[in-house]
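The values are calculated or read from the model by the stated rules, or taken from the named source; none is laboratory data. It should be emphasised that the depicted structure is a prediction, and the values quoted were computed from it without experimental measurement. All Cβ positions, even for glycine, are placed from backbone atoms using ideal geometry, and neighbour counts span all protein chains on display.
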Amino acid sequence: MTITSAPPERPGRPPATRRRRGDRLFAGSTTGAGIVILLVLAGVAAFLLVEAWPAVTAPADEIAGGEGLRGYIGPLLFGTLLAAVIALVVATPLAVAIALYITYYAPRRLAAVMGYVIDLLAAIPSVVYGFWGIATLAPALVPFYTWAEEHLGFIPLFAGPASPTGRTMLTAGLMLAVMILPIISALSREVFSQAPALHREAALALGATRWEMIRIAVLPYGKSGVIGGAMLGLGRALGETLAIAIVLSATGGIVTFNLISSTNPSTIAANIALQFPESTGLDVNTLIASGLALFVITLAVNMLARWIVNRRADFSGAN
């Protein structure tokens, strides 16, 4: 038996030391990046608070509309939430169905193409969605709005009078649904594809059909991921500006659940985009105060989404 000795180590620092230095460098850079992000976020919050304070302390009759800051922001906040909720209600079931089809039903080549096309929707600029909404979607919905007024007018959502242009809150919500669809679908696909193989194979081995396997093993596992994706999409819908400003025929200072009328509440982001260039003095502070309200709501929604997603971070299909 021949005994061979290990080759002599090269002079210099041991590899372990070099690796430890690299780890420390990487950890320091990532920690620094995280601190920078927190500082930027805190700076944005401080700026909004300082600039909005004059509007907070101003008399009610000096705020646009004469009803004070609450009366100014309230209808805008209502319109923002209404458009976002419509988008969420429409987009979430469709995104989940698309994700399940791509993950478990479509052939591999078709699934790859469909996933790529769906993801491309997120890369389309907002102004393009706005032009599509006002030129194609809104006119196409006018016959439906007329029919809904005639046959469903007893429901407050379709009380009418129907808009002759189609530039309604429902049109804006449907457009937002298309815009947030790729976000929800992408996260849902990732979660569904990571469902434990042991659970899926056990369900099929016990005689379950493909849909029963999905209902028993996949959907319970991916529920929190779908909710997290939906809330991330909600955060996108809350902050959408240009597309809403182009499509929605807004009337300031109103609160209505009528989805097919020409009289609609505006959203915070669209109102800021439309009013800011011509505003001066206290009007600017009022717009920034509404932006602060939107900032708080969007931050809360994204934090809640992150918390829901992280709840399943340590889940294992084997336990």
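A few notes on this one:
- Filter result for ALA148 (hydrophobic (A, V, I, L, M, F, W, C), buried (at least 17 other Cβ atoms within 10 Å of the Cβ) and more than 24 Å from the chain's Cα centre (by Cα)): yes
- Qualifying position, being out of contact with any strand residue (DSSP E or B) (no Cβ under 8 Å at 6 or more places or on another chain), in contact (Cβ under 8 Å) with a residue 12 or more places away in the chain and within 15 Å of SER249 (Cβ to Cβ), among ALA162, ALA148, ALA135: ALA162
- Filtered residues of segment 211-252 (kept if assigned to a loop (DSSP other than H, G, I, E, B) and crowded, with 20+ Cβ neighbours inside 10 Å): GLU240, LEU248
- If you go through segment 100-126 and pick out every residue that is part of a helix (DSSP H, G or I) and over 17 Å from the mean Cα position of the chain (by Cα), you end up with 16.
- The residues in segment 165-190 that are under 27 Å from ALA111 (Cβ atoms) and without any contact (Cβ under 8 Å) to a residue 40 or more places away in the chain can be counted, and the count is 1.
- Any hit, segment 224-233, residues being within 26 Å of GLY173 (Cβ to Cβ), touching a strand residue (DSSP E or B) at 6+ places or on another chain (Cβ under 6 Å) and not polar (S, T, N, Q): no
- When we screen ALA208, ALA203 for residues that are in a helix (DSSP H, G or I) and surrounded by 16 or more Cβ atoms within 10 Å (Cβ to Cβ), the only hit is ALA203.
- The residues listed here are ASN271, ASN302, ASN285, ASN264; of these, the one that is farther than 16 Å from PHE78 by Cα and under 23 Å from the mean Cα position of the chain (by Cα) is ASN302.
- Any chance ARG167 is of a type in the set (Lys, Arg) and crowded, with 20+ Cβ neighbours inside 10 Å: yes
- Residues being of a type in the set (A, V, I, L, M) and farther than 13 Å from LEU100 by Cα - total across segment 201-221: 7
- Picking from residues in segment 103-119 that are among the aliphatic types (A, V, I, L, M) and without any contact (Cβ under 8 Å) to a residue 12 or more places away in the chain, the one that is surrounded by the fewest Cβ atoms within 10 Å (Cβ to Cβ) is VAL117.
- Members of segment 29-71 that are modelled with pLDDT of 85 or more, exposed (fewer than 11 other Cβ atoms within 10 Å of the Cβ) and not hydroxyl-bearing (Ser, Thr, Tyr): GLY32, ALA33, GLY34, ILE35, VAL36, ILE37, LEU38, LEU39, VAL40, ALA42, GLY43, ALA46
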